[in-house]
Each structure stands twice: as C-alpha cells, then as structure tokens.
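What follows is one structure encoded as structure tokens, with my remarks underneath.
The values are calculated or read from the model by the stated rules, or taken from the named source; none is laboratory data. Just so it is clear, the model here is predicted, and its values are computed rather than measured. Please note: Cβ atoms are built from the backbone with ideal geometry, for glycine as well, and neighbour counts cover all protein chains shown. All accessible areas refer to the heavy atoms of the entire protein, side chains included, with ligands and DNA or RNA removed. Shrake-Rupley method; radii C 1.70, N 1.55, O 1.52, S 1.80 Å.
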Amino acid sequence: MITDLNNRSKEILRLVVETYMGKGEPVGSRTISKILDRNLSPATIRNVLSDLEESGLLYAPHTSAGRLPTDAGLRLFIDGLLEIGNLSSEEQQNIESQCAARGKSANLIMEKASNIMSGLSHCAGLVIAPSDNNNLKHIEFVNLSPGKALVVMVTESGQVENRIIELPIGVTSSALIEAGNYLAAKMLGNSLEVTKANIQAEIIGAKQELDILSAKVVEAGSATWSDINSDNGVLIVRGQANLLDNIQALSDLEHIRAIFSALERKESMLSLLKAADAAGGVQIFIGAENELFNLSGCSLIIAPYKNSKEKIIGAIGVVGPIRMNYAKIIPMVDYTSKVVGKLIG
C-alpha cells in the first residue's frame, strides 16, 4: 500500500506518526507546516491529511482536533517508512554483560533478559520458553531432616525445579542415592511427563530393581511432578508498571490487566511462539492486529531465540504503548534474542 502514496503523502504521514510518538497527542496541519521541509500551504496539508484519513491511515479523535495514526497507518509506517537504528557497541556490551555470567542458570539468564528489555525500552519485557525444552538432565535427592528430602531437577535448558517430599520412615542416605541413580537412568533425554509415566508403569508392574525403601522414595519423588505443568512453558514478565505510565483512563488499566492475564494462558504463549517461529526473526503486532492486544492500545515486538542446532527454544519480546520507540526497540529485541540463544543453546 505504501506504493500507492506519493512522496508528499508519505512525508506527511511520517511526520504525523513521528510527532505522535514523541508527544502522544493529535497532530494538526499547523504543526506539520512548521516542521515540514518543503513549503506547503496549510490548506494543502489539510487536504493530504483528509486523503490519508479516507485511506484509513489516520483518524481524528474529535471534530476540531488533529489526526492520529490508525493501526493500519502505524503498520504502513513501520513496514515502509521507519528507519531502524543500530545498537551502539556500548549497548551491545551492556546486554551481553547483564545476560552472561559464569554459573548462571537458564532461568536466571531469562530473568535478566526480561529485566534488560524492560529497563532499556521503558516498557514491559517478556521472555517465553516452550514446554518441549523441558527434557531432564539431572536429578538428585538431598536429605533435609528425618522424614523430608529435597528433590532437585534440572532440565536440558538449565531450568531448575525444587520440590520437598515426605520420606518413608527408615530411609537411609544410601536409599536416596540409589533412588537418584535409578531415576537418572530412566530420565535421560526424556521430559518430566515421559519419565513419570515410565516410572509409574514399572512401579505398578514391580519390575524395577530397587529395595522397598528406595522404591518408595522414587514413588514419592515422581508424585511431586504432578504440579509441574511443563506444557504451559515458562513466562517471565518484568516492568508491567511501565505500562501504567501510559494509561489515560480506567478502561485502559483493565485492558492492561487483561493482557497479562491472557499472556499467562498456555494458548496465548504458544500462539506468540508460533508467530515468532513463522516470522523467523523480529515480529511486530500493532494494537488490534493480535487479539491478545485488541483494544488495549499496546503493541508487541517479539523475536525467537534458537539453540546451537538452530531450533527455536523460546522468544523474547517487549510489550508497550503503540507509540513506543520502534526504531530503538526492534534492534534491541533482535540482538538480545541472539545473545540469549547463544547462552542457553
């Protein structure tokens, strides 16, 4: 559609969008005439604004007010008129240093990434890890006190799950070690759900070569996994309060709350991951283009991150007002997704 506009219309549309992004207010012909490079009369500018409005790219919130870009106008601006900036070497080093540190778990890296996205964008940062990345890598039982033990489980992505279980009377340290070794052999390369199903089948069939107490430890340990719903994946969101700085009415607050309630649902996370996967790079959703943000006045910039095998294992994004600084945030999300992919993959 950008090809349907002449250079004058493109320039005025660009000025309207950029001015709106900076001030958050309707933009009138007088404002445009002051910042326009070429010498156009206010009447000519008003005619162009009217044409852009008829094309569905601008709208007037009030009869006597200036114009604001519609979602379609913002989309056209981003796809055809936006000049995306580059991160400075200092900004790149800042992202790398905050994400990377010796001994950091995948969970901590993702939390750092979400914090970085929020801090640099002044919006809400989010990180999504899919459920199919939850194959187990390590498990052990740690004796806490008589009758209690800590089950420590680590996935191949580095996520750590800790659960306290009740121990049968008489369980020894050797029984805990035996139970851990048994589970380590069963879980290798399998998800929590597959491992649990295999173990329960063997317990029912009495086929496992464990003593009675060790078998009870295994059964108690696997029972704690029932509340680990890995199908929902992992969602980390930071900086929600930044969105509240942009609300203009109580209804906006309810829309913001609805966004984060929707994000916590499995279907929403999976749809965002699929969208990032399909794009193969940075994907931008503006306002009502995605049902998750319909009527919210928010946009989402999201990019997948991949492991060493080029398999998508999650996504990183920023949720903010539709007038967010796209030129700055798009390369920031893109670069951070690559950094996290290298660290986790």
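With the requirement that a residue be open to solvent by 50 Å² or more (accessible area, probe 1.4 Å) and in contact (Cβ under 8 Å) with a residue 40 or more places away in the chain, what does the range 109-119 give you? Correct list: Glu111, Asn115. Restricting to the range 73-101, and then to whatever is at pLDDT 90 or above and surrounded by 18 or more Cβ atoms within 10 Å (Cβ to Cβ), can you tell me which residue is nearest to Met332 (Cα to Cα)? Among residues in the range 73-101 that are at pLDDT 90 or above and surrounded by 18 or more Cβ atoms within 10 Å (Cβ to Cβ), the one nearest to Met332 (Cα to Cα) is Ile95.
Summed over the range 22-59, residues that are modelled with pLDDT of 90 or more, over 22 Å from Asn325 (Cα atoms) and outside any helix (DSSP H, G or I) total 2. Only a single criterion out of (1) open to solvent by less than 30 Å² (accessible area, probe 1.4 Å); (2) modelled with pLDDT under 80; (3) over 30 Å from Met332 (Cα atoms) is not satisfied by Ala106, namely (3). The residues of the range 308-345 that are part of a loop (DSSP other than H, G, I, E, B) and open to solvent by less than 30 Å² (accessible area, probe 1.4 Å), listed by number, are Ile322, Met324. Of all residues being small (Gly, Ala, Ser) and more than 25 Å from the chain's Cα centre (by Cα) in the range 55-72, which is surrounded by the most Cβ atoms within 10 Å (Cβ to Cβ)? Just the residue, please. It comes out as Gly66. Within the range 308-325, residues that are of a type in the set (D, E, K, R) sit with their Cβ atoms under 7 Å from residues that are surrounded by fewer than 21 Cβ atoms within 10 Å (Cβ to Cβ), at 6+ positions apart or across chains, in these pairs: Arg323/Met21; Arg323/Gly24.
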